[in-house]
Every structure is written in C-alpha cells, then in structure tokens.
Amino acid sequence: MAHQLLILGGPHVGKTHYVGQLYLRLTDKRRAAQYALQMTVPPTDLTAINHIIQRLREGRSAGHTPSGFNEVISFTVADRQGQQVALTFPDYAGEQVQSLVRNYLIPPRWQEMISQANEWLLFIRPDEIKPLEDVTNRSRSHLVEQRPRAKEALAQGELSAPAFYIELLQMLR
Ligand SMILES: Nc1nc2c(ncn2[C@@H]2O[C@H](COP(=O)(O)OP(=O)(O)O)[C@@H](O)[C@H]2O)c(=O)[nH]1
Ligand SMILES: [Mg+2]
C-alpha cells in the first residue's frame, strides 16, 4: 500500500509551483530516468496540471488558483527501493485552508483527505510571517502606537500568522 502524502498550505506559499515543477521533472522524457523518484501512477485527471505547466512552459507564473476550482491533483511516485508515495494535492485550497481555521470547521472532504494521509507536507513561507510584537522585542512606546491596530484585529477576530498555524495544526490533528 502506498504511503499517503497530503500537500497543503495557505494561499501564496508556493504549492502550485512546487507541484508543477515536480510534475515537469518526473515527466521529463530525457532526464526522468536518472532521478531518484519515478512516477508510477500518473494523475487520472490532467486538467489542473495541464493548466499549470502550460503557463510555466510559456515562462509565466502559474497564476493564482481560484478557490472555486475544485481540482485535486494526485499521482504516485516510487523511490529506488520501490517505496511508493501517493501525493494528494488539493490545488484550490489556499483560501479553504484559511477558512478551516476561520470557521473552526472541517468539511467532510477535508476530513477524508486529512485522515487518510500518513503524512502532511505543510507549506509555510517564514519570510512572510510578521514577527509577533510584544514587550520582549518592542519598546513600550511602539506598543502604544500599535494599540489601535491591535484593537481592530481583536474586534475582527483576526489571528496572527503564528497563531493561525498553531490553530491549523491543532485542527489537523
Ligand atoms: N522565489 C520564489 N517564489 C516562488 C516559489 N514558488 C512560488 N513562488 C511565487 O510565490 C507566489 C505564490 O506561488 P503559488 O505556487 O501560486 O502559491 P499557492 O497559492 O500556494 O499555490 C507566486 O508569485 C510564485 O511565483 C519559489 O520557489 N521561489
Ligand atoms: Mg495555488
């Protein structure tokens, strides 16, 4: 039975480009044979992947995956020892991952993907996470300046990025 790997993350963390580039390498006719991973089961539906690689081939960015675009890309790779890994990549999912946390609710589709996976590959871009501001890293006058913004965030129930990721991981577990 193949190991199940679920690839997920919030919007703009590079999921689409990662999967597009991985797929292009695995299917490169000249070079694929020399790579450590071989594709053993290709995606059954090529619509989403074609959309991505077409743009990459034109030298363009893959573009933002609209959240209405309900397409799961999945394919299986094997390493040289024959260990199979089935990748599941819900490409539409950046905003959906955010709404899992926002709504504090896991839809049945997600529940199935999350619980069937042996492992999750969670994409995070640390350089885009704003450091938390508190008395240990900011002066008091700075914190006073930040007060109106903090009040607004609190009123809207916004989570800081670190809190979002902690909450997301708790929910996935
Ligand atoms: N520098 C850099 N930018 C990347 C990389 N992967 C993606 N990006 C850029 O990050 C942005 C979001 O990437 P995308 O794959 O659409 O993210 P997704 O929303 O998680 O699917 C796009 O502007 C990409 O061009 C990478 O490996 N390096
Ligand atoms: Mg995407």
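Rule-based calculations on the coordinates, nothing more; no lab input. From a predicted model like this one, the values you see are computed outputs, not experimental measurements. Neighbour counts are summed over all protein chains in view; Cβ atoms, including those assigned to glycine, are modelled from backbone coordinates with ideal geometry.
Tabulated data for the structure shown
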quantity	calculated
Cα long-axis angle, helix 140-155 against the chain (0 to 90 degrees, to the nearest 10)	70
Extended-chain gain in nm, criterion 0.36 nm per residue less alpha-carbon gap, Leu169 and Asp28	47.3 nm
Under 5 Å, built H, 5+ apart or other chain: amide partners of Leu121	Leu6, Ile7, Leu8
Computed over the chain: relative contact order in percent, which uses C-alpha pairs under 8 Å that are six or more apart	30
Degrees, to the nearest 10: 94-103 long Cα axis against longest axis of the chain	50
Amide H contacts of Thr40 (H built 1.01 Å from N, under 5 Å, at least 5 apart or other chain)	Thr76, Val77, Ala78
Positive-end residue, region 3-128 charge dipole about Cα centroid, Cβ charges, pick of Gln96, Ala33, His51	Ala33
Folded to 0 to 90 degrees: helix 15-26 orientation relative to the chain principal axis, Cα	20
Kirkwood Rh and Cα Rg combined as Rg over Rh, evaluated for region 3-128	0.97
Restricting region 92-156 to chymotrypsin sites (Phe, Trp or Tyr not before Pro) in coil, as DSSP defines it, with at most 10 other Cβ within 10 Å	Tyr104
Using a Förster distance of 41 Å, the FRET efficiency for Ser141-His17 (Cβ separation, nearest 0.05)	0.50
Linear extension gain, Glu58 paired with Glu152, 0.36 nm per residue minus alpha-carbon span	29.5 nm
